[in-house]
Amino acid sequence: MEEQTPTCSGFLLKRGDGIIGVMSRKWFELVGNKLYFYKTNIPGKKVLPMGTIHLDDCTVDTESDVSKLKIVIKSKDKSHEMQAETVSSFERWSNELSKAKTLKPTTAPTKPMISPRNNVRKKIVLNSASPKPVTSAAVSLDDFDTLKTLGRGQYGKVIKVRRKADGEIFAMKIIDKSIVLSDDIVESTNNEQLILKTIKHPFIVALHYAFQTREKLCLILDFLTGGELFYHLQKEELFGVNKVRFYIGEIFLAIEYLHTKNIIYRDLKPENIVLDGKGHAVITDFGLSKTNIDKQQAFTFCGTPEYLAPEIIAGRGHGREVDYWSLGVMTFTLMCGYPPFSHENVMMLYQTIMSNADPDFPEEIVLEPKYEDALSFTMGLLERDPAKRLNSKGVRTHPFFAKMGPNWWDDLYNKKIKPPFVPVATADYVDEVFSSEAATDDIFKEKIINQDEHFKDYDYDADWS
């Protein structure tokens with residue numbers, strides 16, 4: 001069958017199907033009345049699509065949210081939300097999708113294109129009875145009691161658990177395999193577990209065990225009792241300069257360590273920093289991290305919009321410098337109470353980040369002498385040219401930190417510096433929305449397996465490694 005030429009093609013942001021779906025950049029091609037989407041576009045190379053949207057039985061809505069360049073395609077059982085990156089792209093896609101709706105259904109090829117992602121999901125369902133339960137030499141679900149829900153994220157939830165043997169408390173991160181497969185993030189999900197089991201740092205969450213059931217992936221992590229940095233920022237609105245220096249210093253040490261392991265973090269924000277019981281900052285959630293950065297640059301468009309470095313938005317290759325940009329955004333946010341660049345329209349936000357506009361510091365901070373070094377440090381990180389941006393050496397030697405003395409960094413690493421805030425042992429720093437939610441999960445009715453073609457070598461026991 002002769003291959004049809006797409007009537008429209010290009011990048012759009014597509015919202016994932018997760019619990020709190022995030023927008024990720026995908027390549028779309030409109031062929032007849034079928035809209036194919038791909039992980040990326042590789043000129044001259046034909047790859048199978050991640051999925052196909054059949055427009056003949058859908059409604060196409062391009063009018064309800066024009067200001068955000070949003071396109072919503074709805075079938076009887078699913079909704080696909082996309083967002084154009086420019087006004088001209090939005091108008092082009094709106095016009096072509098409307099035309100495609102009037103076409104008769106196209107005849108399927110003799111060998112229809114099958115989304116590898118949808119195909120593997122079917123395999124899991126069909127083969128759900130085949131994996132044999134194994135007796136773990138380390139731990140199993142039976143070794144833990146559930147206590148409460150700590151949070152719910154895009155691909156699952158985190159619950160507080162107690163190990164029956166000794167009463168030690170952990171956080172169990174439960175990830176839904178079906179959502180991981182539907183969003184095509186198997187590689188990054190496996191990558192998170194791989195990173196966690198190969199790193200050890202005082203300001204990075206520790207992985208103790210990992211195992212899986214037929215439907216879920218489980219990570220047993222440190223239980224951090226101090227709450228998210230974001231939670232405390234909301235309560236206080238902004239932090240004083242000494243508190244900012246302490247938290248940013250600890251976060252920097254963790255980021256610097258990751259870079260020595262050829263890992264870029266790529267999702268630095270207050271929501272991913274949690275305080276431990278003594279008030280130290282701990283980095284969590286490595287779902288967007290990239291390994292082997294010395295061998296090749298990364299090109300994936302990912303992260304939280306307000307924290308994205310210009311080179312990521314531009315689609316250029318990026319490296320460890322993006323983490324220093326995000327560190328600058330976080331420094332500004334902790335110090336001022338709001339991000340340096342913001343806009344309700346994400347495309348306008350990206351344009352602002354890409355422009356030469358300086359962030360708007362509050363007047364009371366600009367005029368206060370004690371903030372002089374903090375302002376200089378922040379602007380050094382928010383340098384749009386990655387080659388001129390503050391790096392590891394630049395951070396360590398900047399007056400914002402250097403004036404604290406020659407032993408300050410070593411003392412900070414060894415936790416000899418008293419945190420500016422020590423969580424109250426009896427306090428609950430969990431959002432009320434989650435703390436009132438039942439901690440029980442169907443996973444505790446499932447049996448542990450040790451084989452799944454998509455999540456090989458997932459099991460891990462820190463005590464046996």
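So how many residues does the stretch 189-205 have that are closer than 20 Å to LYS148 by Cα and in contact with a Lys or Arg (Cβ under 7 Å, 6 or more places away or on another chain)? Going through the stretch 189-205 one residue at a time, the tally reaches 0. Checked against (1) modelled with pLDDT of 75 or more; (2) crowded, with 18+ Cβ neighbours inside 10 Å, PRO49 meets all criteria but (1).
What do you reckon, is LYS104 basic (Lys, Arg), more than 16 Å from LYS14 (Cα to Cα) and either at pLDDT below 70 or part of a loop (DSSP other than H, G, I, E, B) (or both)? Criteria met by LYS104. Do you know which of the residues in the stretch 143-183 that are out of contact with any Phe, Trp or Tyr (no Cβ under 8 Å at 6 or more places or on another chain) and more than 20 Å from THR284 (Cβ to Cβ) is surrounded by the fewest Cβ atoms within 10 Å (Cβ to Cβ)? Here the answer is ASP166.
In the condition set (1) touching a helix residue (DSSP H, G or I) at 6+ places or on another chain (Cβ under 7 Å); (2) within 30 Å of ARG25 (Cβ to Cβ); (3) in a loop (DSSP other than H, G, I, E, B), ALA165 is compliant with all but (2). Restricting attention to the stretch 370-423, and to residues there that are among the β-branched types (Val, Ile, Thr) and over 29 Å from the mean Cα position of the chain (by Cα), which single residue is surrounded by the fewest Cβ atoms within 10 Å (Cβ to Cβ)? My answer is THR397.
Picking from PHE230, PHE211, which residue would you name as being touching a residue at least 12 places away in the same chain (Cβ under 8 Å), part of a helix (DSSP H, G or I) and in contact with a strand residue (DSSP E or B) (Cβ under 9 Å, 6 or more places away or on another chain)? From the options PHE230, PHE211, the qualifying one is PHE230. Taking the stated definitions as given, is PHE377 touching a residue at least 24 places away in the same chain (Cβ under 8 Å), outside any helix (DSSP H, G or I) and among the aromatic types (Phe, Trp, Tyr)? So PHE377 fails the test.
Candidates ILE185, ILE204, ILE255: the one that is β-branched (Val, Ile, Thr), outside the structural domain of PHE37 (by TED's automatic domain parsing), under 24 Å from LEU308 (Cα atoms) and at pLDDT below 95 is ILE185.
Residues in the stretch 290-313 that are modelled with pLDDT of 85 or more and assigned to a loop (DSSP other than H, G, I, E, B): LEU308, ALA309. With respect to (1) under 30 Å from GLN83 (Cβ atoms); (2) outside any loop (DSSP other than H, G, I, E, B), the lone exception for ASP358 is condition (2). Taking the numbered list (1) under 26 Å from GLY337 (Cβ atoms); (2) outside any helix (DSSP H, G or I) in turn, GLY287 passes all entries but (1).
The values are calculated or read from the model by the stated rules, or taken from the named source; none is laboratory data. Treat the numbers as computed from the prediction; the structure is a model and nothing was measured. Virtual Cβ from ideal backbone geometry, glycine too; neighbours counted across all protein chains shown.
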